[in-house]
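A quick write-up on the structure given underneath.
The values are calculated or read from the model by the stated rules, or taken from the named source; none is laboratory data. In this text, all values refer to a predicted model and were calculated from it rather than measured experimentally. Ideal geometry is used to build each Cβ from the backbone, glycine not excepted, and the neighbour counts take in all protein chains shown.
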Amino acid sequence: MNLIEQAAKRLEELRLAGVEVPESTHTAPAPVARHADIKPVPNPVPTSMPVPVPAPVVEKVAAPSRPAPAAAPPVLTEPVSIKSRHINLQMEQLAAAGLIYPNAPRSQLADEFRVIKRPLIANAMGKGAAPVKNGNLIMVTSALPNEGKSFTAANLAISIAMELDKTVMLVDADVARPSILKMLGLPPAPGLLDVLVAESNDLSGVLLRTNIETLTILPSGTPHVRATELLASDAMNELLEEMASRYPDRIIIFDSPPLLVTTEARVLAAHMGQIVMVVRAEGTLQSDVRHALSAIEECPVKMMLLNQVKSSKHGGYGYGYGYGYGA
């Protein structure tokens with residue numbers, strides 16, 4: 001019997017014996033816990049420390065797919081140049097047109113143009129008898145039509161392009177009757193006049209690169225009613241200066257109109273360092289030759305090339321030539 005039970009039993013005996021026992025307003029003492037009733041209480045968490053609250057679990061939902069925004073165009077710091085077009089010259093077609101071409105069997109025509117081009121190349125490269133301003137600008141012309149100037153210009157350009165260290169640009173400057181592209185078997189294309197109308201000196205969009213690696217062609221371009229004024233314009237002056245000075249190893253051959261038929265040839269002649277004047281043997285009057293020469297007397301170098309000369313040795317046609325400095 002524990003102490004509480006004994007105390008309760010004693011009070012009951014006193015009441016039975018007639019002893020008045022006052023009611024206590026105090027609650028009974030708390031029972032003493034036995035060792036077996038004691039259970040370990042975990043250490044309380046100090047109230048001064050925050051109780052960690054687990055973060056709420058947020059379910060990630062994939063955002064609806066959207067098309068990627070278009071990339072912003074790059075900022076150009078330099079103008080983008082348009083590459084020249086590439087065309088293939090058919091060697092068989094050149095041969096059929098009577099033109100020389102690389103790797104062709106040796107011929108009298110090729111040998112004659114080897115002789116013709118030597119003084120022209122020397123003057124163009126500053127190795128002639130005297131320095132020639134714009135010596136690499138060479139105009140091929142004639143007094144009248146049908147004397148063989150375009151044929152001569154094309155052969156001269158191809159012959160110089162066959163050199164080991166020279167590049168050539170063949171310009172069809174006969175803007176009234178262009179024939180270079182047709183002679184080479186090529187369709188019409190934009191060219192010189194289009195560049196002048198745009199008042200530009202950028203030829204990259206109209207130059208034709210050929211499979212003769214060192215030969216490029218500049219067509220005459222779209223016909224224009226004011227072709228003479230365009231050739232005499234400031235844009236043409238700037239273009240010729242650019243063409244003459246841009247590449248020191250480049251020789252530029254201009255197939256120009258006849259001197260006595262149009263005024264374009266005289267305008268071009270004022271910028272040329274050398275002029276090759278083609279004269280048809282037994283076809284051009286001496287008076288016409290003198291008149292044509294007077295139109296180009298300011299050019300420092302003039303070469304006379306006699307075309308379609310009958311050769312008694314070969315029974316065919318060949319080329320004779322002569323050249324000199326000054327008028």
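Worth a mention:
- Among residues of region 86-108 that are under 27 Å from GLY205 (Cα atoms), those with a Cβ under 7 angstrom from a residue that is surrounded by fewer than 13 Cβ atoms within 10 Å (Cβ to Cβ) and not basic (Lys, Arg), sequence gap 6+ or separate chain, pair up as ASN88/ASN211; LEU89/ASN211.
- Residues (of a type in the set (D, E, K, R), more than 18 Å from LEU240 (Cβ to Cβ) and exposed (fewer than 14 other Cβ atoms within 10 Å of the Cβ)) located in region 115-139: ARG118, LYS127
- Residue within region 140-161 that is surrounded by fewer than 18 Cβ atoms within 10 Å (Cβ to Cβ), part of a loop (DSSP other than H, G, I, E, B) and either touching an Asp or Glu at 6+ places or on another chain (Cβ under 7 Å) or without any contact (Cβ under 8 Å) to a residue 12 or more places away in the chain (or both) present: no
- Residues of region 193-214 satisfying the condition of being under 18 Å from the mean Cα position of the chain (by Cα), of a type in the set (A, V, I, L, M, F, W, C) and under 19 Å from ARG250 (Cα atoms): LEU203, VAL206, LEU207, LEU208
- Subset of region 265-278 (residues that are without any contact (Cβ under 8 Å) to a residue 40 or more places away in the chain and either on the phi > 0 side of the Ramachandran plot or of a type outside the set (D, E, K, R) (or both)): VAL267, ALA270
- Unique match (being closer than 16 Å to ALA154 by Cα and among the hydroxyl-bearing types (Ser, Thr, Tyr)) among THR284, THR214: THR214
- Test: residue in region 298-308 that is touching a helix residue (DSSP H, G or I) at 6+ places or on another chain (Cβ under 6 Å) and among the charged types (D, E, K, R): no
Residues are listed down the side, and each one gets a yes or a no for (1) in contact with a strand residue (DSSP E or B) (Cβ under 8 Å, 6 or more places away or on another chain); (2) modelled with pLDDT of 50 or more:
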| site | (1), (2) |
| --- | --- |
| VAL45 | no, no |
| VAL53 | no, no |
| SER65 | no, yes |
| LYS127 | no, yes |
| ALA130 | yes, yes |
| THR141 | yes, yes |
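- If the condition is being touching a residue at least 60 places away in the same chain (Cβ under 8 Å) and of a type in the set (Lys, Arg), then region 117-136 contributes only LYS133.
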